[in-house]
Amino acid sequence: MRRGRRLMTSNVLEVLMPQPRSANLPLLGARTIVAVLALLLLAAAAVPAAPGSSGRSVGAESASAAADEAALGALPAPYSGGDYLLVHASVGVEGAASYLLQAAYRGIPIYGSYLSLDRPAGSEELIPRGEPRALPEAELSALNTTPSLTESEAIAMYKAELARKLGGPIGSSPVDGDVPAPKASLVIYSFGGIAHLAYETELRFTLPELGDWVGWIDAHTGLLIDEINRISGMNAIAAASASGSTSGATSVQAAAAPIGWGKGYNGAQQSFYISSEKSTGKPTIYQLIDTTRPAAIKTLDFRKPSKSKTRPEGYEYIASTAKTFADTAAVDAHVNAKRVYLFYKNRFGRNSLDDKNMDILSFVHIDSKTMRDNAVWTGWAMYYGEATGLANGGANCTSCALDLVAHEMTHAVTQYTVGLEYRGQSGALNESISDIMASVMDSDDWEIGEDTGAASRSLADPAKYGQPASMSEYVDLPVDEKHDNGGVHVNSGIPNHAAYLTALKIDNADFGLKGRDTLGRLTYVLLRDRLLSPTASFQDARDAYIVAASRLSGLTDAQKSKLASLVSAAWQAVGIGNSTNLIDN
Ligand SMILES: [Ca+2]
Ligand SMILES: [Ca+2]
Ligand SMILES: [Zn+2]
């Protein structure tokens, strides 16, 4: 966040921002209270009380999509005027609501400039949270907001730029039916003190290597202003924001859903749904395609590209002439994808990674330099590299550890919800949310990756793997690829430890909630209700977790307020919760 600058368009808005930022959310400064009161009058006049929860009713934390839509456009001035765009509205139990707004200039969103508004259950108050990044009037007034380039010209320019950098044309091979199309949209992007009209351009591709990039192309000059590589994966240094596409209908049907068998890397016998395919004159083959649920789970062989119409993803499925499968990496990928799907479905009522029943694709056996010993969510699918073994400095397996698969696939859930930008503190939060959900799923420890033979992180003891556990140990790294996009896998230790302490404190307080389970529920509400902006800081995350504590269903008011105080104490223990510990993101 930048400080000491004037918000560009509205004096009213600047007054509404807590100044200085309040250490404790409900205890706003006197100046803010006056402003909030003024706002409440507007809110009372303009915002109808939201209906109680309705619509989707699967799972305890489901929100109402219908209510979300009803809330659109219902915000009072100044939030409904041209100075803000509504990014997301969620309305839940008892009318508790959250709105995520993005500041705009002449209708064009300002990158990284967000404001959240929360309305507590049974109330008509709108409480602002966060402070939009303010751009100086002088920077904006010089801006020509009519682009000289089209979206497709920006996409072509960014493709050319990345082709130079990666050493080959950007594309997909041979069919890659599921790689999302490029897209570009206008934003105001301030870089080095200069506001640019820019196309935020997203490119996802498989050639010359797996890629998921976002770049900001100046909409007048066509020059690349800034960019982020959003893929990292398990072995070194995952993905963020925006939507991808789901695959087309499968041409292979489950014939009475046969059950297959096979061992994973760690030797346990697994059973799973498969599909059968019968072509004339050939024996029946069985494939790792599970179509027993609305979202199909398919496991594909990256070594076997196919142009067949029956292979819409462009690759053969993992196949066997019997119902037993000997490919341990494929069995692990298939089974762990199902486990993650069922976790989100059964615990939270989420319909696959995008909540729209997208198919879950896992590509196994990738033997390229960047993918060996790696597992990544690329923005549209899971990709697993060949394992070269611990003895050779690699990993024993890449799909065998539930927590690592859960970590990668939670990057997808984050992508489809809060879309945390994969750099700096928001990137470290993206990493942390993946580690937290991985630890809720793989619930017998607080380490990440132990089933591969070499754990890589610990939420209980981040220092064990060289991570900071507190803001006093924050590692300030340059935000570039050489430095892990600003240490997203380094500083994630801080929110990770706050999450661990949250669970520990809940268990120790003995007030009818289970620590790890409640941590998962809080984190899911934070994602589902989009209580974080894409460029959120650690402080924003702490504030959002406190709001999430008031949103859990089935808790008494006393439990909710106890929970909020424990969350606050957990973040305070890692140095987050008073303004003196804020580090600029
Ligand atoms: Ca474990
Ligand atoms: Ca684990
Ligand atoms: Zn990750």
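Any read-out appearing in this document is the output of simple, stated calculations on the displayed coordinates, not a laboratory observation. Bear in mind the structure is a predicted one, so any value in this text is a computation, not a measurement. Please note: Cβ atoms are built from the backbone with ideal geometry, for glycine as well, and neighbour counts cover all protein chains shown.
I'd like the Karplus ³J(HN,Hα) series for region 193-210: coefficients 6.51, -1.76, 1.60, θ = phi - 60°, whole numbers in Hz, and an x wherever there's a Gly or Pro.
x, 10, 7, 10, 7, 9, 8, 6, 10, 10, 10, 10, 7, 10, 10, x, 8, 4
So for 378, 299, fewest C-beta neighbours within 10 Å to most, what's the order? Please report the intermediate quantities before stating the final value.
Numbers: 378 27, 299 31.
Listing 378, 299 from fewest to most nearby Cβ atoms yields 378, 299.
Count the net charge of all other residues whose Cβ sits under 11 Å from the Cβ of residue 406, scoring Lys and Arg as +1 and Asp and Glu as -1.
Taking every other residue near residue 406 into account, the sum is -3.
Which whole-number percent gives the relative contact order of region 341-460, counting Cα pairs below 8 Å spaced six or more residues apart?
Numbers: 194 pairs, mean separation 22.6, N = 120.
Reported as a whole number, the value is 19 percent.
For a footprinting-style exposure proxy, rank 187, 418 by other Cβ within 10 Å, fewest first. Let's see the in-between values first.
Values: 187 21, 418 28.
Ranking 187, 418 by Cβ neighbours within 10 Å, fewest first, gives 187, 418.
Which loop trypsin sites (Lys or Arg not before Pro) in region 296-369, with loop taken from DSSP, have no more than 10 other Cβ atoms within 10 angstrom of their Cβ?
Sparse-neighbourhood loop trypsin sites (Lys or Arg not before Pro): 307, 309, 369.
Residue-wise, which Karplus ³J(HN,Hα) couplings in Hz belong to region 274-283, taking 6.51 cos²θ - 1.76 cosθ + 1.60, θ = phi - 60°, and x for glycine or proline?
Values, residue by residue: 10, 10, 10, 9, 10, 10, 4, x, 10, x Hz.
At a Förster radius of 22 Å, what calculated FRET efficiency corresponds to the Cβ-Cβ distance of residue 141 and residue 85, to the nearest 0.05?
That pair, residue 141 with residue 85, gives E of 0.60.
Counting other Cβ atoms within 10 Å of each Cβ, which chymotrypsin sites (Phe, Trp or Tyr not before Pro) in region 494-560 have at most 14 and sit in a DSSP loop?
511
Give me the number: length gained by fully extending residue 369 to residue 268, i.e. 0.36 nm times residue separation minus the C-alpha to C-alpha distance, one decimal in nm. Numbers along the way, then the final one.
Details: separation 101, 0.36 × 101 = 36.36 nm, distance 2.95 nm.
Contour length minus Cα-Cα distance gives 33.4 nm.
Return, for the Cα atoms of region 465-585, the radius of gyration and Dmax in Å, separated by a comma.
Looking at region 465-585, its Cα Rg and Dmax stand at 14.7, 48 Å.
Does region 88-186 classify as rounded, prolate or oblate by the C-alpha gyration tensor (a ≥ b ≥ c root eigenvalues; a/c under 1.5 gives rounded; else a/b over b/c gives prolate, otherwise oblate)?
Oblate.
Listing 157, 382 from the residue with the fewest other Cβ atoms within 10 Å to the one with the most, what is the order?
Ranked by crowding around the Cβ, least crowded first: 157, 382.
Which entries of 298/345; 165/338; 369/482 show an alpha-carbon separation above 26 angstrom in the structure shown?
On the way: 298/345 17 Å; 165/338 37 Å; 369/482 17 Å.
In this structure, 165/338 exceed 26 Å between Cα atoms.
Under a cut-off of 19 Å between alpha-carbon atoms, report the aspartates and glutamates in cross-link reach of residue 282, not counting same-chain residues fewer than 8 places apart.
In chain and number order, the partners are 316.
Would you mind getting me the FRET efficiency between residue 191 and residue 558? Use the beta-carbon distance for r and R0 = 45 Å, nearest 0.05. Mind dumping the intermediate values first?
On the way: r = 48 Å, r/R0 = 1.07.
For R0 = 45 Å, the calculated efficiency reads 0.40.
Among all the aspartates and glutamates, which ones have a C-alpha under 13 Å from residue 309's C-alpha, if same-chain residues fewer than 8 places away are not counted?
Once the sequence-local aspartates and glutamates are set aside, what remains near residue 309 is 176.
Using a basic spin-label model with each label point 7 Å from the Cα along Cα→Cβ, how many nm lie between residue 391 and residue 511?
For residue 391 paired with residue 511, the spin-label model returns 5.4 nm.
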